[in-house]
Amino acid sequence: MLIIGNGTVLTFDKDFQVISKGGVVIEEENVVAIGETEKLISKYPDAAFKDVQGKIIMPGMINTHMHLYSTFARGMDLKTDQPPKNFVEILEKLWWRLDKVLNEEDIYCSAIYALLDGVKKGTTTIFDHHASSNLIDGSLDIISEAVRQTGIRANLSYEISDRDGHEKALDGIRENERFIKKAQQEGTSYLGGMIGLHASFTLNNETLSEVAALADELGVPFHIHVAEGIADFYESKTRGYKGVAERLNRFHILRPGTLAIHGVHLKEEELEILKNNDSYLIHCPESNMGNAVGAAPIKAAIDKGVTVGLGTDGYTTDMFESIKVANLLQKHESHNPQAGWEEVFQMAFKNNREIAARFFGETLGVLQAGAPADVIVVNYYPPTPITSENAYFHILFGISGDMVDTTIVGGKILMEDREISGLDYERITRRVKEQANDFWKRF
Ligand SMILES: [Zn+2]
């Protein structure tokens with residue numbers, strides 16, 4: 001038993017309590033009590049005690065769209081005289097080239113680095129979307145091994161696509177099926193899978209029919225990029241649909257629990273398709289701005305009753321960064337300084353939690369007795385009073401991922417005082433850098 005105490009506890013429960021001089025009691029994988037530190041110590045006198053000296057104690061962050069395989073792109077030379085001019089060219093000249101080169105060691109190194117980077121920035125749960133089109137079979141096992149070593153919770157999927165021919169799409173289907181069955185058999189609340197699809201414009205009708213049948217059989221939904229760039233919209237339009245969501249709906253891809261990523265070019269009536277099918281829309285503001293694809297209709301989606309989550313799309317591993325950018329983008333796009341506050345709070349702290357609960361079967365993203373102990377300690381000393389009403393604004397304006405100094409998942413300490421526990425972080429980062437160097441030569 002462990003008490004993490006003498007901090008300011010942000011519970012993120014229904015009352016959004018802020019407990020000063022507070023603490024959290026952890027027994028094995030769960031939180032068993034929350035309250036004032038002194039009372040907790042007298043109630044649990046035999047528990048070990050970690051004094052956080054006034055820092056913030058809050059639930060770990062949940063990232064609902066990530067690409068662990070993107071690690072080696074950082075600082076990489078695209079080796080072209082003609083840099084990408086639009087989103088499709090970014091795919092063709094960067095991501096679709098990169099994913100073809102990935103070998104086993106590349107996939108492992110990319111994953112373990114990005115996972116540990118997430119841990120260092122307070123992320124305790126991720127939903128990953130993987131591609132490595134010349135090493136499909138077993139690729140999700142390589143990633144799940146890295147996930148197991150780091151200790152965070154992950155839901156994995158392989159991005160099925162016909163862009164390299166139907167054989168590759170079939171390989172992708174088999175990989176998702178194999179991994180999902182394995183994860184279902186293991187049945188832990190740390191690892192899960194769903195069916196990954198790249199995007200409508202790289203999937204033919206035959207493949208969509210096949211994956212829908214597989215989803216029925218396995219009882220899992222999809223993780224798919226939807227209307228990210230305008231090209232995805234035009235492709236569906238050419239096929240006779242009003243938009244991407246209409247086409248995907250025709251093939252029963254937008255089903256309960258499906259993660260529809262981006263939705264930048266969705267028509268208003270298509271947002272209703274998401275809502276009516278109980279599918280989620282996942283907003284990735286930094287990625288959308290970086291790829292210059294436009295701003296997703298977040299406010300319209302929320303007004304229509306769509307549950308909108310927040311992810312990083314591999315652009316960063318820091319959910320605190322995504323929160324800040326999401327807030328600014330809403331204001332900038334609508335020319336309204338009041339826009340964004342509520343929407344971003346809902347996405348990051350209510351909806352991501354709901355999505356995680358659905359897939360991991362646990363109450364994540366909240367500190368309360370009985371919930372899994374996914375807890376972070378943040379080295380932030382507010383210069384102004386912090387209350388239930390304003391704690392979110394302290395997070396928005398005062399906290400970044402690098403201020404997280406302790407990360408705990410399921411009661412296990414993954415990082416303490418900025419040091420990764422149980423793994424040789426120096427050795428891992430050396431190995432990753434050597435591998436990146438080798439990868440860059442092969443790119
Ligand atoms: Zn993505």
Confirm whether L78 is under 30 Å from L259 (Cβ atoms) and within 16 Å of the ligand (Cβ to nearest atom). no
Going by what's in this entry, would T429 be described as outside any helix (DSSP H, G or I), more than 15 Å from N63 (Cα to Cα) and polar (S, T, N, Q)? no
Filter region 20-31 down to residues that are over 26 Å from the mean Cα position of the chain (by Cα) and surrounded by 19 or more Cβ atoms within 10 Å (Cβ to Cβ) and give me whichever is farthest from S388 (Cα to Cα). V25
Looking only at residues that are small (G, A, S) and over 19 Å from D15 (Cα atoms) in region 339-393, which one is surrounded by the most Cβ atoms within 10 Å (Cβ to Cβ)? A356
Would you mention how many residues in region 9-19 are in a strand (DSSP E or B), surrounded by fewer than 24 Cβ atoms within 10 Å (Cβ to Cβ) and in contact (Cβ under 8 Å) with a residue 60 or more places away in the chain? 1
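State which residue is farthest from the ligand (Cβ to nearest atom) when the search covers only region 209-236 and only residues that are in a helix (DSSP H, G or I) and touching a Gly at 6+ places or on another chain (Cβ under 7 Å).
So, considering only residues that are in a helix (DSSP H, G or I) and touching a Gly at 6+ places or on another chain (Cβ under 7 Å), the one farthest from the ligand (Cβ to nearest atom) is S236.
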Looking at Q435, Q368 in this structure, which one is of a type outside the set (A, V, I, L, M), more than 16 Å from G60 (Cβ to Cβ) and not assigned by TED's automatic domain parsing to the domain that holds D318? Q435
Test each condition in (1) in the same structural domain as H283 (by TED's automatic domain parsing); (2) surrounded by fewer than 15 Cβ atoms within 10 Å (Cβ to Cβ); (3) hydrophobic (A, V, I, L, M, F, W, C); (4) closer than 25 Å to L414 by Cβ for A48 and report the one that comes out false. (1)
Kindly indicate which of D81, D51, D117 is of a type in the set (D, E, K, R) and under 21 Å from the mean Cα position of the chain (by Cα). D117
Six or more apart or on different chains, Cβ atoms under 6 Å: show the pairs whose first residue is in region 285-311 and under 17 Å from N352 (Cα atoms) and whose second is small (G, A, S) and more than 16 Å from the ligand (Cβ to nearest atom). V308/A301; L310/A348
Counting only residues that are closer than 29 Å to Y425 by Cβ and in contact (Cβ under 8 Å) with a residue 24 or more places away in the chain, give me the helices (runs of 4 or more DSSP H) lying completely in region 65-174 with at least 2 of them. 96-101, 104-120, 139-150
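Mind listing just one residue for me: the one in region 322-335 that is under 15 Å from the mean Cα position of the chain (by Cα) and within 16 Å of the ligand (Cβ to nearest atom) and, of those, surrounded by the most Cβ atoms within 10 Å (Cβ to Cβ)?
S322
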If E28 meets every condition in (1) touching a His at 6+ places or on another chain (Cβ under 6 Å); (2) not small (G, A, S); (3) not assigned by TED's automatic domain parsing to the domain that holds D141 apart from one, which number is that one? (1)
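Could you check how many residues of region 287-318 are assigned to a loop (DSSP other than H, G, I, E, B), within 27 Å of I112 (Cβ to Cβ) and either within 12 Å of the ligand (Cβ to nearest atom) or aromatic (F, W, Y) (or both)? Full working, then the answer.
Going through region 287-318, the residues assigned to a loop (DSSP other than H, G, I, E, B) turn out to be 291-297, 304-306, 311-318.
Keeping just the survivors that are within 27 Å of I112 (Cβ to Cβ) gives 291, 311-318.
The next check asks that each one be either within 12 Å of the ligand (Cβ to nearest atom) or aromatic (F, W, Y) (or both); those that pass are 291, 311-315.
The number of residues fulfilling the criteria is 6.
The values are calculated or read from the model by the stated rules, or taken from the named source; none is laboratory data. Quantities reported herein were computed from a predicted structural model and do not represent experimental measurements. Here the Cβ is made from the backbone with ideal geometry for all residues, glycine too, and neighbour counts use every protein chain on show.
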